[in-house]
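A short write-up of the structure that comes next.
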Amino acid sequence: MPEPRSLKFYQADVFTSQPFGGNPVAVIPDAQGLSDDLLQQIAREMNLSETVFVFPPTDPAAVARLRIFTPTQEIPFAGHPVLGTFFILAELGIISVKEPVTRLMQECNIGLFPVELHADDGQVEQVVMTQPKPEFLGPIEETEDLYKVAAALGLSKHVIADTKWPIEAVSTGLPVLIVPVRTLTAVRSIRPDASAIADVCRRYGANGIMVFTTVTVEPSSTVHTRMFAPSIGILEDPATGSASGALGAYLVQNGVVDVAPVTEIIAEQGYEIDRPSRVYVRVDSDDDIIQSVKVGGQCVRVLEGTLRF
């Protein structure tokens, strides 16, 4: 029998400063030599929305190459896994951090993207990632399709249609269907139909549905959100960096928020599943054209251990 292998892993809660809030991610800082099948088995064993495996970069401009797996499949890009991974790598001293801001490049399956580590007094206080420029993939305009979206969420179509904002597929790395809802009460009453949501997402080429309302729990928040992605193994996500970037672009593009050359948005998420999260989104615009989208937040390490297999 071959000798069992030992592999260190860490878990961080992302988009929160408190353990057991935000969105958990498992991080394997040294994944060299693991087969694709084993990566997927480990992600299934971790049973979190995402597990990140860190490899040496193939591009010398990057400090690390990240591969991101849900329990069911590899995905090319995500938000909170990147933030949590760089937080863990900094805490472990695998990457060095200088105050106040350290700027690095990360490599993922869709290319190279900047990451910023904001630190004070030796502690990383916030991690911020730049996402790909937004793509607006088209609104849903047919009444029949609006009914299907509303039914998949267990809502009346009126709580969506009455906002006067479009349902639209937007991508800043991963396409997501953005659905406006009139009230916080309606958002909190959602009863997701996983099969119907997956069907809607397939129809529009999206990985999930992000619902938002401008009525919030916290006075300092801009929007209250919920994210459903059953087609990639996540019924409801407590905090979604990639979708929050797409949402920020949508809010600016449609004038839902007051737009400036730099528009800052705070999205609160995860309240309905007892993992409150705060996602910082920054959208830079020039002549009404979005130039960049950044997503960031706080992180906290909650777990470390050893896998043996």
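The values are calculated or read from the model by the stated rules, or taken from the named source; none is laboratory data. Remember, it's a predicted structure, so these values are computed and weren't measured experimentally. All Cβ positions, even for glycine, are placed from backbone atoms using ideal geometry, and neighbour counts span all protein chains on display. Protein only, heavy atoms only, side chains kept; ligands, DNA and RNA dropped before computing areas. Shrake-Rupley method; radii C 1.70, N 1.55, O 1.52, S 1.80 Å.
Just name the residue that is nearest to the chain's Cα centre (by Cα) out of those in region 9-36 that are more than 26 Å from residue 128 (Cβ to Cβ) and open to solvent by 40 Å² or more (accessible area, probe 1.4 Å). First the steps, then the outcome.
Initially, region 9-36 is screened for residues more than 26 Å from residue 128 (Cβ to Cβ), giving 32-36.
Then drop every residue that is not open to solvent by 40 Å² or more (accessible area, probe 1.4 Å), which leaves 32-33, 35-36.
Values: 32: 25, 33: 27, 35: 26, 36: 23 Å.
That would be 36.
At least 3 residues being open to solvent by 30 Å² or more (accessible area, probe 1.4 Å) and either touching a residue at least 40 places away in the same chain (Cβ under 8 Å) or over 30 Å from residue 8 (Cβ atoms) (or both) is the threshold, and among the strands (runs of 3 or more DSSP E) wholly inside region 221-309 those reaching it are 262-269, 277-286, 289-297, 299-308. Among the residues of region 116-136, some residue qualifies, meaning at least one is closer than 19 Å to residue 225 by Cβ and open to solvent by 30 Å² or more (accessible area, probe 1.4 Å). Of the residues screened, residue 234 is one that is under 19 Å from the mean Cα position of the chain (by Cα) and at pLDDT below 95. Per this entry, residue 104 is counted among residues that are modelled with pLDDT of 95 or more, open to solvent by less than 50 Å² (accessible area, probe 1.4 Å) and out of contact with any His (no Cβ under 6 Å at 6 or more places or on another chain).
A count restricted to region 49-101 and to residues that are closer than 30 Å to residue 206 by Cβ, hydrophobic (A, V, I, L, M, F, W, C) and free of Cβ contacts under 8 Å to residues at least 60 places away in the same chain stands at 10. The residues of region 195-228 that are closer than 20 Å to residue 148 by Cβ and either out of contact with any strand residue (DSSP E or B) (no Cβ under 6 Å at 6 or more places or on another chain) or among the acidic types (Asp, Glu) (or both), listed by number, are 195, 196, 198, 199, 200, 201, 202, 203.
Let's see how each residue does on (1) part of a helix (DSSP H, G or I); (2) at pLDDT below 95:
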{"position": "133", "(1), (2)": "no, yes"}
{"position": "159", "(1), (2)": "yes, no"}
{"position": "165", "(1), (2)": "no, no"}
{"position": "179", "(1), (2)": "no, no"}
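The single condition among (1) in contact (Cβ under 8 Å) with a residue 24 or more places away in the chain; (2) surrounded by fewer than 16 Cβ atoms within 10 Å (Cβ to Cβ); (3) among the β-branched types (Val, Ile, Thr) that residue 149 does not satisfy is (2). Scanning region 123-142 for residues that are β-branched (Val, Ile, Thr) and within 17 Å of residue 100 (Cβ to Cβ) yields 124, 127, 128. Beta carbons closer than 6 Å, at least 6 apart along the sequence or on distinct chains, pair a first residue in region 191-218 that is open to solvent by 60 Å² or more (accessible area, probe 1.4 Å) with a second that is among the polar types (S, T, N, Q) for 215/183.
Considering region 20-71, there are no qualifying strands (runs of 3 or more DSSP E) wholly inside with 3 or more residues that are modelled with pLDDT under 95 and touching a Leu at 6+ places or on another chain (Cβ under 9 Å).
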